[in-house]
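What follows is a set of notes on a single structure, which appears directly below.
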């Protein structure tokens, strides 16, 4: 099948373990075997990103501020694509349409608030865990104190109303 030459270099990552490390078809089309580090380095340098809308790749693109074309193939990917489109991080398509991706990329505005939020995620998660820990142990300490002093609490609750009767 003949393909029209594109002035835009495109790289595709193949998930097959027996795929060649790299297969360069021409100056504009290269296939790569899946390699996490290479994938992220190439994503960091790309102008736009087309994906089947897997969760991790959509999140990585969003973090890096890359406009996405989302071409879901499974239900989970359709959900990811819908979320990304709703957040204006990508455009959903039924097939690879470079013109649609270029048009979206031209008007795309990176969501810097997401990166700011993500950069503070670790401290927020640690704070939430510490808060849960403190709350749990505070309750445990109070419960132990109440159990230790149960007879005093019960006795004082009986005595106080009796005093009121005597006083008045």
Q | Given (1) over 19 Å from residue 107 (Cβ atoms); (2) surrounded by fewer than 17 Cβ atoms within 10 Å (Cβ to Cβ), number of the condition residue 80 does not satisfy | A | (2)
Q. Tell me, which residue of segment 93-127 that is in contact (Cβ under 8 Å) with a residue 24 or more places away in the chain and part of a loop (DSSP other than H, G, I, E, B) is nearest to the chain's Cα centre (by Cα)?
A. 111
(Q) Going through 61, 50 one at a time, which residue ends up being touching a residue at least 40 places away in the same chain (Cβ under 8 Å), in contact with a strand residue (DSSP E or B) (Cβ under 6 Å, 6 or more places away or on another chain) and under 27 Å from residue 107 (Cα atoms)? (A) 50
Q: Output the number of residues of segment 83-100 satisfying the condition of being in contact with a helix residue (DSSP H, G or I) (Cβ under 6 Å, 6 or more places away or on another chain) and within 19 Å of residue 111 (Cβ to Cβ).
A: 5
Q.
Take the conditions in a helix (DSSP H, G or I) and surrounded by 11 or more Cβ atoms within 10 Å (Cβ to Cβ) and apply them to residue 50. Does it pass?
A. no
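If you check residue 13 against the conditions, is it in contact with a helix residue (DSSP H, G or I) (Cβ under 6 Å, 6 or more places away or on another chain), assigned to a strand (DSSP E or B) and over 17 Å from residue 105 (Cα atoms)? Steps first, answer last, please.
Details: in contact with a helix residue (DSSP H, G or I) (Cβ under 6 Å, 6 or more places away or on another chain): yes; assigned to a strand (DSSP E or B): yes; over 17 Å from residue 105 (Cα atoms): yes.
Spelling it out, residue 13 is indeed in contact with a helix residue (DSSP H, G or I) (Cβ under 6 Å, 6 or more places away or on another chain), assigned to a strand (DSSP E or B) and over 17 Å from residue 105 (Cα atoms).
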(Q) For residue 87, only one of the following conditions fails: (1) surrounded by fewer than 15 Cβ atoms within 10 Å (Cβ to Cβ); (2) farther than 23 Å from residue 120 by Cα; (3) modelled with pLDDT under 95. What is its number? (A) (2)
**Q.** Odd one out for residue 23, checked against (1) in contact with a strand residue (DSSP E or B) (Cβ under 9 Å, 6 or more places away or on another chain); (2) closer than 23 Å to residue 89 by Cα; (3) not in a loop (DSSP other than H, G, I, E, B)
**A.** (2)
Q. Can you name the condition, by its number, that residue 109 falls short on among (1) surrounded by 10 or more Cβ atoms within 10 Å (Cβ to Cβ); (2) modelled with pLDDT of 90 or more?
A. (1)
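The values are calculated or read from the model by the stated rules, or taken from the named source; none is laboratory data. Everything numeric here is computed off the predicted structure, so don't read it as measured data. No Cβ is skipped: glycine too gets one built from the backbone with ideal geometry, and neighbour counts run over all protein chains shown.
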